[in-house]
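See structure below.
Throughout, read-outs are computed from the coordinates displayed, never taken from laboratory work. Every value quoted in this text rests on a predicted model; they were computed, and no experiment measured them. We place every Cβ from the backbone using ideal geometry, glycine too, and count neighbours over all the protein chains shown.
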Amino acid sequence: MKKVLLISHYPPPAGGIATWTKRILSIGLPDGWEIDHVNSNTINGRDPFENTNRNIKDEYIRSKNIWKQEKDYLKNDRDIKVVHTNIPCTVFGMIRETVTGIIAKKYKKKFILHCHCTVPNVVNTGFKRFVFKIFSKLCDGIIVLNRQSYDFVKGFNEKLVVEIIPNFVMKEETNINKPKIIRNEIKKVLFVGGVTPEKGCDTIILAAKSIPNIEFNLVGAVSDEIKKMPKTNNVVLHGVQNSDYVKNQLDDNDVFLFLSRYFGEGFSCALTEAMAAGLPCIVTDWAANADMIDYGKGGIIIDQQAPNQLIEAINQLADASKRKELADFNVKRVKENYIESIVLKKYTDFYDIIA
């Protein structure tokens, strides 16, 4: 038997890493690999990407608990071959997981870092790069989410074993097998995620003023900044909704928008689900966005904070046959690259290489 000890956030609260963890634990791994799990969730609901409002006592208790559980597993389960830790590469997270890596080495286990972010956007100062460089020396392998991260990590040490493995969506949670109805005209466009300026929703609202005949649907928790922005009647804020509601929106809209400039972005599951539903996408060249739509084959790439470019991109998609071509490409790309059966095999192949 082969086991991986997974050190990773689990909900609540929900978040990118927590959702990934919940999914992988519910499905399990192929190729004879099993999972033991240490929940590394934050205490008192603090956002793991934020370094402000950190309670040192809470972080000490949290870290000590993670290390104790790791030691207990490694002492008592000889089948564990690999310790796999998931972090967004904040400084505190890297320092804490340096100890996690030292513990793994003490018990002669392989240690894998999984960077749930776009690494150069987070490791963006001299001090952070120094910490990452030291931390990476402990790692037997590093998993990243996109090409930017791969190039950045390999830049520290060409000999590092680094693999791009995307996030995955569960086939049953998507509309991937439901044929997309392509309207003759664009009537509705959609965004799903945190409705914040950092996710590009300010750009969407500004562009909406110039296209009054199209409805702009924004689904997700709405930030105070967005609430305060003046909006035209064709902007609809749906708030937080469940997965079935989101699926219906994916069916009922004609184009998906993902204009993120959020520094912690790595690989968007919301964008993946939109692609699976057969929506052509307009994205910023940020994190994995351009990789995902294969640099224009599944949609249009625009600059950040460029409402005029967004308007132009929507106009470029007016031709229904063009949207059908992009939609078909996106569905095929998800089936071949981003569903669970494809991605989970990539993890176990990586474990086999490292172990």
Give me 107, 10, 295, 338 ranked fewest to most by other Cβ atoms within 10 Å of their Cβ, as a rough exposure proxy.
295, 107, 10, 338
Rounded to the nearest 0.05, what FRET efficiency do residue 297 and residue 92 have when you use their Cβ-Cβ distance and R0 = 41 Å?
0.60
Counting Lys +1, Arg +1, Asp -1, Glu -1, what net charge surrounds residue 171 among other residues with beta carbon under 10 Å of its beta carbon?
-2
Zone residues, the stretch 188-225, relative to residue 315, backbone N less than 13 Å from point 7 Å out along Cα-to-Cβ:
210-212
Enter the angle in degrees (range 0 to 90, nearest 10) between the Cα long axis of helix 147-156 and the first principal axis of the Cα atoms of the chain, meaning the one along which they spread out most.
30
At a Cα cut-off below 21 Å, give the lysines reachable from residue 180, other chains included and same-chain residues fewer than 8 away excluded.
171, 188, 247, 297, 322, 324, 332, 335
Compute the signed sum of charges (Lys and Arg +1, Asp and Glu -1) over the other residues within less than 12 Å, Cβ to Cβ, of residue 106.
+4
Viscosity 1.567 mPa s, temperature 4 °C, Stokes-Einstein D of the stretch 171-337 from Kirkwood C-alpha radius, µm²/s
84
What 222 nm value per residue comes from the helices of the chain, counting each DSSP H run with n ≥ 4 as -39,500 (n - 2.57) and dividing by all residues, nearest 500 deg cm²/dmol?
-13000 deg cm²/dmol
Do you know the relative contact order of the stretch 171-337, to the nearest whole percent, from alpha carbon pairs under 8 angstrom that are 6+ apart?
26
Most fluctuating of 203, 21, 125 in the GNM of the chain (C-alpha, under 10 Å) is 125
So how many Å³ per residue does the convex hull of the Cα atoms of the chain work out to?
129
Positive-end residue, the stretch 198-279 charge dipole about Cα centroid, Cβ charges, pick of 200, 255, 269
200
With a sphere of radius 11 Å drawn around the Cβ of residue 94, what net charge do the other residues whose Cβ falls strictly inside it have (Lys, Arg +1; Asp, Glu -1)?
+3
When the dipole is taken about the Cα centre of the stretch 171-337, and only Lys, Arg (+1) and Asp, Glu (-1) are charged at their Cβ, what size is it in debye, to the nearest 20?
340
Connecting C-alpha atoms closer than 10 Å in a GNM of the chain, tell me which of 106, 297, 128 has the biggest fluctuation.
106
Between residue 336 and residue 158, what is the label-to-label distance in nm when each label sits 7 Å out along the Cα-to-Cβ direction?
3.1
Can you tell me which of 26, 136, 341 moves the most in a GNM of the chain? Springs connect C-alpha atoms under 10 Å apart.
26
